[in-house]
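So the structure is just underneath, and the comments pick up after that.
The values are calculated or read from the model by the stated rules, or taken from the named source; none is laboratory data. Please read these numbers as outputs of a predicted model, since none were measured by experiment. Neighbour counts are summed over all protein chains in view; Cβ atoms, including those assigned to glycine, are modelled from backbone coordinates with ideal geometry. The accessibility values were calculated without ligands, DNA or RNA, using every heavy atom of the protein model including side chains. Shrake-Rupley method; radii C 1.70, N 1.55, O 1.52, S 1.80 Å.
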Amino acid sequence: MNDQNRNSNLGALSDEEIIALYWKREEKAISATDAKYGHYLYVIAYNILRNEQDSEECLNDTYLGTWNAIPPQRPTAFQVFLSKITRNISLGKFRKQTA
């Protein structure tokens, strides 16, 4: 199976299935999160930072933050949970750059 098919299959997972992967500490959870929400989260970061490289870095930091937050947290609105992490990381980076 090529990477494009694998990513499209991971994107088809429900939020509950992705969260279950995080609880099992399976790295597929990050790929599934990226496949389903990567573009959406990138846009959030880019709208704050207006820089492609910084936005990509924030996206990677979002995945690390999500990995560290689940468990113990079990988000009920996964997209909102991810958005909040991305926004907070992006705003922190913006504040450092404009200080």
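A few remarks follow.
Residue-wise test of (1) more than 18 Å from E16 (Cα to Cα); (2) in contact with a Ser or Thr (Cβ under 8 Å, 6 or more places away or on another chain); (3) of a type in the set (D, E, K, R).
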site	(1), (2), (3)
E27	no, no, yes
S31	no, no, no
G38	no, no, no
A45	yes, yes, no
E52	yes, no, yes
I70	no, no, no
A77	no, no, no
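- Counted residues, segment 84-97 - those being surrounded by 15 or more Cβ atoms within 10 Å (Cβ to Cβ) and either among the charged types (D, E, K, R) or in contact with a Leu (Cβ under 7 Å, 6 or more places away or on another chain) (or both): 6
- Output for segment 50-62, where each listed residue is outside any loop (DSSP other than H, G, I, E, B) and either touching a strand residue (DSSP E or B) at 6+ places or on another chain (Cβ under 9 Å) or open to solvent by 20 Å² or more (accessible area, probe 1.4 Å) (or both): E52, Q53, D54, E56, E57, N60, D61
- Taken over segment 23-72, residues that are touching a helix residue (DSSP H, G or I) at 6+ places or on another chain (Cβ under 8 Å) and either under 14 Å from G92 (Cβ atoms) or touching a residue at least 24 places away in the same chain (Cβ under 8 Å) (or both) amount to 27.
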